[in-house]
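Only one structure is covered here, and it is reproduced in the block below.
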């Protein structure tokens, strides 16, 4: 009897120690994440309901690369990273696919998606991704014990809901900051540009090229909607742009301005991927713009809608655009998933 009692005491003690260890493993003490904002960039707007932490970022990164995010939904077998590839500036180069890059989205405050169909904060667009695009089955995530720990460490709860998934993804996406290209190094006085790159920069930032009004530095986008003259009167609803959302005829052909950061690796270009190369894009702005009642007034250059660039000007403008490639961002190991 004494031996039996001692045995029970030992078992109970081991159980209590085990419980204590489990409790300690799920400590909620999030560490603020040191977000490094590049020189010359504005402060990134933050959501006070979703402060960025190391734990939240790590959780968001794991979710971003996890194909289980799409289990049972229309995107089954895919993760965020399937279409947003780091070496492509978190975009996709597949033929016929045009994916807006997940870069510097922490500054996005206006329209989301090519046709501007979503509004709100980064958390709002991530909630759309979770609930509508991927239709995440959170019960699948709950089956992973590591997720239970990570969600608790990031948000203080083991109850995984769409909100926590979206908020973690938003935290990770906020860290996808590109601001160390050759152009940035030039602006910081670290290196010089070639004569061709300087001439291209002059075209970009003057009325000769008129690029800077929509592709505003340092983010090289205004996050706004414009009709740049891709079609005179689009018949395909896929080409209607913002009009498909608002029903306002003034919005026909308006699409979101993509960032030009890392533009060399984010093709094909435009909402439908119609242009495969930067040369085709430059040719379009030079000679191919189509007039229409809803063409953005910004497309009128000295009374005409075509830039009519010379072959040398086209070459110089392309040379400048290539200076916006940030190799350190495209290869940064901290944006990759950790090995299991």
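The values are calculated or read from the model by the stated rules, or taken from the named source; none is laboratory data. Please read these numbers as outputs of a predicted model, since none were measured by experiment. Note: ideal-geometry Cβ built from the backbone for every residue, glycine included; neighbour counts use all protein chains shown.
Here are the numbers for this structure:
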quantity: Which listed residue is surrounded by 17 or more Cβ atoms within 10 Å (Cβ to Cβ), within 13 Å of the chain's Cα centre (by Cα) and modelled with pLDDT under 95, from 92, 71; calculated: 92
quantity: When residues of region 245-263 are limited to those that are surrounded by fewer than 18 Cβ atoms within 10 Å (Cβ to Cβ) and over 16 Å from residue 292 (Cβ atoms), the one farthest from the chain's Cα centre (by Cα); calculated: 247
quantity: Subset of region 286-311 that is part of a helix (DSSP H, G or I) and without any contact (Cβ under 8 Å) to a residue 60 or more places away in the chain - its residue that is nearest to residue 225 (Cα to Cα); calculated: 297
quantity: In region 101-112, residue farthest from residue 238 (Cα to Cα) [restricted to those that are out of contact with any helix residue (DSSP H, G or I) (no Cβ under 8 Å at 6 or more places or on another chain) and not in a helix (DSSP H, G or I)]; calculated: 104
quantity: Complete set of residues in region 238-254 that are in a helix (DSSP H, G or I) and within 18 Å of residue 274 (Cβ to Cβ); calculated: 238, 239, 244
quantity: Residue check for residue 51: assigned by TED's automatic domain parsing to the domain that holds residue 137 and either modelled with pLDDT under 95 or out of contact with any strand residue (DSSP E or B) (no Cβ under 8 Å at 6 or more places or on another chain) (or both); calculated: no
quantity: Single condition residue 205 does not satisfy, out of (1) farther than 30 Å from residue 317 by Cβ; (2) at pLDDT 95 or above; (3) over 15 Å from the mean Cα position of the chain (by Cα); calculated: (1)
